[in-house]
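First up is the structure itself, then whatever we jot down about it.
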Amino acid sequence: MSSMLTDRVAVITGASSGNGRAMARRFATEGADIVIADIQEEPREGGEPTHELIDSETDASATYVECDVTSRSELEDAVDAAEEYGGVDVMVNNAGIFHEDEFLEVDEETYDRMMDINVKGTFFGAQAAAKRMVDADGGSIINLSSVAGLEGSADYITYCGTKGAIRLLTYAMASNLGPDGIRVNAIHPGLIETTMTTEDVEIMGTDAEEGFVQAIPSRRAGQPEDVADAALYLASDLSDYVTGESLIVDGGMTNTQ
Ligand code: NAP
């Protein structure tokens, strides 16, 4: 049995659903104990809560902590919950929201909400973990950006702004925390089949899906497991000399237009 994350502890925000849930399950199969930090316990896509699934399908331990990432203190509590297993080694700032918008009509409340969840949540999630990691033997922080953090889109301008901010925060954090043995990297998923793309924006399962897929060299949408595999690399010692990196997981969509 492989064990890339034996004796490691990971805190993953937004891990009740989608990409975060897949990362939690993948990390647990590699031996990591997991703290699921999410605003709700039930998966958006249905099924057993992530921590119960991990307890039943792996030898790892998992716990759910109710955490709204817009609250710095709740993020601190989520990271503290990792102490039960020995303290945080891997922090994944994954919780995020998406919606399309029209620039001239974006109101302040909508803007603030997306900035708070996507950017502030990532900033203070990373800070909470890094504070513990500097006192330990370092660690790995992974921030979920998007291909929308690499290129501008007219149709979801606020989201692009948040994901671009996450990309540069990642580089700056990597620069700041590198001497303490803390690596910080970003993942930029493309079109991934989660409730974000089946419900928040109706792409998957609609007529629009085929058009999107034809623009992807791999000719398929990504699955949350594709993102989880990339995250496993960044979480593990295989990426020991990789920091301040943007790992694109999009089937080739971005760099081949
Ligand atoms: P998802 O299926 O909607 O899962 C997101 C999870 O985050 C949900 O469990 C959600 O809970 C939770 N969440 C929302 N607001 C939160 C908050 N304030 N505090 C704590 N948790 C919160 O989305 P996903 O597709 O897995 O997305 C995960 C990450 O990948 C996001 O950062 C997203 O931007 C990024 N990403 C996704 C795609 C894609 O195609 N799916 C592409 C690029 C990047 P609720 O159920 O309560 O909302």
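Here are the numbers for this structure:
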| read-out | value |
| --- | --- |
| Whole-number Å³ per residue for the convex hull built on Cα positions in the stretch 86-181 | 87 |
| Loop-located GluC sites (Glu not before Pro) in the stretch 59-165, at most 16 other Cβ atoms within 10 Å (DSSP) | 100, 102, 151 |
| Compactness of the chain - radius of gyration and Dmax, Cα, Å | 17.1, 54 |
| For the stretch 150-155, 3J(HN,Hα) per residue [Karplus equation, 6.51 cos²θ - 1.76 cosθ + 1.60, θ = phi - 60°, Hz, x = Gly/Pro] | 10, 9, x, 10, 5, 8 |
| Residues whose placed amide H lies under 5 Å from that of residue 39, excluding near-sequence neighbours | 14, 67 |
| Rg/Rg_ref, the stretch 200-256, where Rg_ref = 2.2 N^0.38 Å and atoms are Cα | 1.37 |
| Computed magnitude of the charge dipole of the stretch 9-256 (debye, nearest 20; Cβ of K, R +1, Cβ of D, E -1) | 960 |
| By average C-beta atoms within 10 angstrom, highest first, the peptides 194-200, 165-171, 238-244, 17-23 | 17-23, 165-171, 194-200, 238-244 |
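Each reported figure results from applying straightforward, stated rules to the coordinates on display, with no laboratory input. Fair warning: this is a prediction, and the values are worked out from it, not measured in the lab. So basically every Cβ, Gly included, is an ideal-geometry build from the backbone, and we count neighbours across all protein chains shown.
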